[in-house]
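J.: Before anything else, here's the structure in question.
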Amino acid sequence: MFRDVPQPILNRMEQLEQIDAADRLDGTPLTKRLKQITPEVGRFIAVLAAAAPDGQYVEVGTSAGYSTLWLALACRAVKRHITTFEVLAEKAQLAEETFRVTGVNDVVTFIHSDALSHLQRYKDVSFCFLDADKEVYGECYDTVVPRMVTGGILVADNAISHEAELRHVLHRALTDDHVDALVVPIGRGELVCRKK
């Protein structure tokens, strides 16, 4: 999966990594920054996605599509498909460009919309990656987990870097009898939940 990444995907990943690094250095406002995951988190979520059971894959918070590219690699490896949601127009435009230049539309469906208006339609979710505005994490968790298949995996980014903002959601997940959950200290911290 990682040894034969197509060159267009590698090129776009590198471009997005450079944009993200520049945004962080020059003080670009948080609302404008890509705020994407690190490459190590990309590999981490790709491995988890490839190990997920049969079912629907969803991503909440596409940004420019960097994390989606990692998940697309997993989808191709295990013959799955992912639907990803982004609400912000500027980021949606970047994501559409990312998917066009990398040719991943065979395994990615992009929806420029608020995920919360769509998630209740999904049944049998086997993998969910959550990396959006922190105030929607709780509602996303409460919507997705009941719709997950046994063995399904939910990963939420920023579990350590935004621990104060996410305290309620983290407590909910870590004490939820419906999942086994832990926080993994990789990148900015990943909450990983597996549906029982």
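FYI, it's all coordinate maths here, none of it is from the lab. Because the structure is predicted, anything quoted here is derived from the model rather than measured. Note that each Cβ is placed from the backbone with ideal geometry, even for glycine, and that neighbours are counted across all protein chains shown.
J.: Determine the distance separating the Cα centre of the range 64-85 from the Cα centre of the range 99-134; give it in Å without decimals.
T.: Answer, in whole Å: 9.
J.: In addition: Starting at the first residue of the range 112-122, write each ³J(HN,Hα) from the Karplus equation 6.51 cos²θ - 1.76 cosθ + 1.60 with θ = phi - 60°, in whole Hz, x for Gly and Pro.
T.: Here the 3J(HN,Hα) series is 7, 5, 6, 4, 4, 7, 10, 4, 5, 7, 8 Hz.
J.: Report the normalised scattering of the chain as log10 I(q)/I(0) at q = 0.13, 0.19 Å⁻¹, calculated by the Debye formula with identical scatterers on the alpha carbons.
T.: Per q value, in the given order, log10 I(q)/I(0) is -0.63, -1.44.
J.: If you don't mind, another one. Most fluctuating residue of Arg24, Arg76, Arg12 in a GNM of the chain with Cα springs under 10 Å: which is it?
T.: Maximum among the listed residues: Arg24.
J.: Okay, next question. Tell me, what does the Kirkwood hydrodynamic radius of the range 1-80 come to in angstroms if you use every pair of distinct C-alpha atoms?
T.: It works out to 13.4 Å.
J.: Identify which of Ile19, Ile45, Ile111 has the largest mean-square fluctuation in a Gaussian network model of the chain, with springs joining Cα atoms closer than 10 Å.
T.: Ile19
J.: Taking the Cβ of Phe99 as the centre, find all other residues whose Cβ is under 13 Å away and add up their charges (Lys, Arg: +1; Asp, Glu: -1).
T.: Net charge in that neighbourhood comes out at -2.
J.: What net charge is computed for the residues neighbouring Gly151, neighbours being all others with C-beta under 9 Å from the C-beta of Gly151, Lys and Arg scored +1, Asp and Glu -1?
T.: Net charge in that neighbourhood comes out at +3.
J.: Moving on to the next point. Given the pairs Lys134/Lys196; Lys35/Lys134; Lys91/Lys123; Lys79/Lys195, which span a C-alpha to C-alpha distance of over 18 angstrom in this model?
T.: In this structure, Lys134/Lys196; Lys91/Lys123; Lys79/Lys195 lie more than 18 Å apart at Cα.
J.: Starting with the fewest neighbours, write out Leu119, Leu69, Leu182 ranked by other beta-carbon atoms found within 10 Å of each beta-carbon.
T.: Leu182, Leu119, Leu69
J.: Shifting gears a bit: Only bridges whose two residues both fall in the chain count here: according to DSSP, what percent of them are antiparallel, nearest 5?
T.: 35
J.: Summing +1 for each Lys or Arg and -1 for each Asp or Glu, what net charge is found among the other residues whose Cβ lies under 10 Å from the Cβ of Phe127?
T.: Local net charge: 0.
J.: Under 5 Å between amide hydrogens, which residues at least 5 positions from Gly151 or on another chain qualify, with H placed 1.01 Å from N in the peptide plane?
T.: Close amide H contacts, sequence-distant or interchain: Lys195, Lys196.
J.: How far is the Cα center of the range 141-159 from the Cα center of the range 1-16, in Å?
T.: 27
J.: So what are the ³J(HN,Hα) numbers for the range 59-73, from phi and the Karplus equation (6.51, -1.76, 1.60; θ = phi - 60°), rounded to whole Hz, Gly and Pro as x?
T.: Result, ordered by residue: 10, 10, x, 6, 6, 8, x, 5, 5, 5, 4, 4, 5, 5, 4 Hz.
J.: With +1 on the Cβ of every Lys and Arg and -1 on the Cβ of every Asp and Glu, and nothing else charged, how large is the dipole of the range 7-195 about its Cα centre, in debye rounded to the nearest 20?
T.: Result for the range 7-195 is approximately 400 debye, rounded to the nearest 20.
J.: Once phi is turned into ³J(HN,Hα) by the Karplus curve 6.51 cos²θ - 1.76 cosθ + 1.60 with θ = phi - 60°, what whole-Hz value does each residue of the range 94-103 show in order, with x for glycine and proline?
T.: Values, residue by residue: 5, 5, 4, 5, 4, 6, 5, 6, 9, x Hz.
J.: Please list, in chain and number order, the residues 5+ apart from Val108 or on another chain whose amide H is under 5 Å from its amide H, with Hs placed from the backbone.
T.: Close amide H contacts, sequence-distant or interchain: Ile82.
J.: Fully extended, how many nm does the chain gain between Val101 and Arg167 (0.36 nm per residue separation, minus their Cα-Cα distance)?
T.: 19.9 nm
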